[in-house]
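Below is one structure, written out as structure tokens, with a few remarks after it.
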Amino acid sequence: MDLKNLSVLELEEALGKEQKAYRKLQKKGVRVDMTRGRPGAKQLEIAMPMLEAAGSLPYQYDGGDARNYGDPAGIRPARELFAKLMDISPDMVIVSDGSSLEIMYDLVQFAMQFGVLGDTPWNKLDKVKFICPAPGYDRHFSICQTFGMDMITVPMLQDGPDMDLVEELVRADESVKGIWCVPKYSNPTGVVFSDKTVTRLAKLKPAAKDFRIFWDNAYIVHSLYDEDDKLKNIFDVAQKYGNEDMIYELVSTSKITFAGSGVAALGASEKNVQALLKLMFYKKINPNKVNQVMHVEFLKDVDNIKEIMAKHAELLRPKFELFQSKMSEAFSDWEEVKWSEPRGGYFISLDVSGAAKRTVELAAEAGIKLTAAGATFPYGIDDSNSNIRIAPSVPTLEEMSHAIDVLICSVRVALLEKHLGK
Ligand SMILES: Cc1ncc(COP(=O)(O)O)c(C=O)c1O
């Protein structure tokens, strides 16, 4: 439906009808929180056997004891497991505690304070700029803001960031020091970077020697379907071009075992790993290795991780599919409403042309909490006021069904109001 073709009378009539439906849903008083990509309660049960087994695990390994100090890079078996997951060598892995975001924050802080591999500390420079493909992950942008870095918004396309722009930006300006990438099932669009995009990123020729790609592979094994999407190994390409130091890869078990209480890992060149271990040395003697043993014993190997993830997918898939079917039914002929159809990850990206803020406001007034409109853009500014991030993991299927009905009504009311100039 093209609302531009409707008369004021027709728009008013449609609005009245939608408002009535909206109030009916509002009266049900159901509250649903879809603000963040947290695992649902049933998903968290999947890893409970890990805790049950914890009392009788072999905490001694290879001459080391996980209950004691030592191994600042994490226990060897955990480094080997994450190396297999990222398809790199174990010497390129540091296994840390529960949050990959914390590692990213530390990497930026180290660069700011001490510089990258002997280069000038970023906080001694007039300007530090980061490329932020958008829509993107709000907490990446928050890190930039916290450290006072300038964010350059680059459009996120169907196969990854707009690489023509990225190449131009890094080539031309030495103050461009990094780019955020969520290369697989991107937050929030669900995009998987194409081989061509991965290759172009790995081959970048930045003016800044200390430019870094933050390869936040948070959804590395988070496919919703049996057939996983393949992501090209960026290190393989980077090595060919002498660019292996340019990449920091991050993964975590936040959405495999327990969110924030799992294990996170950094994948980087051995040169980077050695330099970072030196910086980390005075901060922490070692990570929580007891938790690492628990994870290694529970996760076992990459095939077993995939089996665990299939259980998560079984719980998540119906919610994503319900969204697709209800939205297609409601909006297949509405020009101003578009949404992504991710095959994995935790989010769906919804675009409501020029009416995102009002949609989120209406949904909230009817009990459905969504991520703030604009949050998927640097500085919280979505110039087109269109993008809304949907996080379907927490609600039950029944709650999800109600939440989508409210969302549909909210989108319609917001767009009709927009056309009526209200
Ligand atoms: C892209 C991305 N990176 C990182 C995180 C947080 O990961 P962690 O729990 O390992 O800090 C999230 C959580 O939603 C995410 O979507």
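Keeping all protein chains in place and using 1.4 angstrom, which order do 59, 105 fall into by accessible surface area, from largest down?
Working: 59 30, 105 85 Å².
Of 59, 105, the descending order of accessible area is 105, 59.
Region 95-189: percent of C-alpha pairs farther apart than 19 Å? Before the final figure, lay out each step's value.
Working: 1958 of 4465 pairs.
Of all Cα-Cα pairs in region 95-189, 44 percent lie more than 19 Å apart.
Percent of accessible area on the chain owned by carbon and sulfur, 1.4 Å probe?
On the way: 9320 of 18810 Å².
The computed percentage sits at 50.
Which of 261, 276, 293 sits closest to the plus end of the dipole of region 261-304, meaning its Cα is farthest towards the positive end, when Lys and Arg get +1 and Asp and Glu get -1 on the C-beta?
The one lying farthest along the dipole's positive direction is 276.
Give, rounded to the nearest 20 debye, the magnitude of the charge dipole that region 58-300 has about its Cα centre when Lys and Arg contribute +1 at Cβ and Asp and Glu contribute -1 at Cβ.
Computed about the Cα centre, the dipole is about 440 debye.
In deg cm²/dmol and to the nearest 500, what is the mean residue ellipticity at 222 nm of the chain if only DSSP H runs of at least 4 residues count, each as -39500 (n - 2.57), divided by the residue total?
Estimated from H runs of four or more residues: -13000 deg cm²/dmol.
For the chain, give the share of DSSP beta bridges that are antiparallel, in percent and rounded to the nearest 5; count only bridges with both residues there.
Just about 50 percent of them are antiparallel.
Under a crude label model (7 Å from the Cα following the beta-carbon direction), how far is residue 230 from residue 21 in nanometres?
It is 4.3 nm.
Placing +1 on the Cβ of each Lys and Arg and -1 on the Cβ of each Asp and Glu in region 58-300, which of 153, 81, 103 has its Cα farthest towards the positive end of the resulting dipole?
With unit charges placed on the Cβ atoms, the residue in question is 103.
Hey, got the dipole for region 199-298? About the Cα centre, +1 on K and R Cβ, -1 on D and E Cβ, debye to the nearest 20?
With Lys and Arg at +1 and Asp and Glu at -1, about 580 debye.
Can you compute the radius of gyration and Dmax for region 69-115, using only the Cα atoms, both in Å?
12.0, 32
Calculate the length of the line joining the C-alpha centroid of region 262-332 to that of region 1-15, in whole Å.
Here the answer is 47 Å between Cα centres.
Suppose every Lys and Arg Cβ carries +1 and every Asp and Glu Cβ carries -1, with no other charges. What dipole size does the chain come out with about its Cα centre, to the nearest 20 debye?
820
With only alpha-carbon pairs counted, each pair once and no self-pairs, how large is the Kirkwood hydrodynamic radius of region 168-272 in angstroms?
Computed over region 168-272, the radius equals 14.6 Å.
Mean shadow of region 58-300, computed from the convex hull of its alpha carbons, in nm²?
Working: hull surface 50.3 nm².
Taking a quarter of the hull surface, the average projection is 12.6 nm².
Using only the alpha-carbon atoms, what does the chain span along each of its principal axes? Please give whole angstrom values in decreasing order.
77, 55, 34
Tell me the per residue accessible area of region 105-204 using a 1.4 Å probe; a whole number in Å² is fine.
Value returned for region 105-204: 40 Å² of accessible area per residue.
Considering amide H positions built from the backbone, and no H for Pro or chain starts, which residues 5 or more places from residue 32, or on another chain, come under 5 Å of its amide H?
368, 369
For residue 219, enumerate residues with amide H under 5 Å from its amide H, sequence gap 5+ or separate chain, H modeled in the peptide plane.
Correct list: 184.
The values are calculated or read from the model by the stated rules, or taken from the named source; none is laboratory data. These figures come from a predicted structure and were not determined experimentally. Cβ sites come from the backbone with ideal geometry, for glycine too, and all protein chains shown count toward neighbours. The protein model used for the area step is the full one, side chains on, heavy atoms only, and it has no ligands, DNA or RNA in it. Shrake-Rupley method; radii C 1.70, N 1.55, O 1.52, S 1.80 Å.
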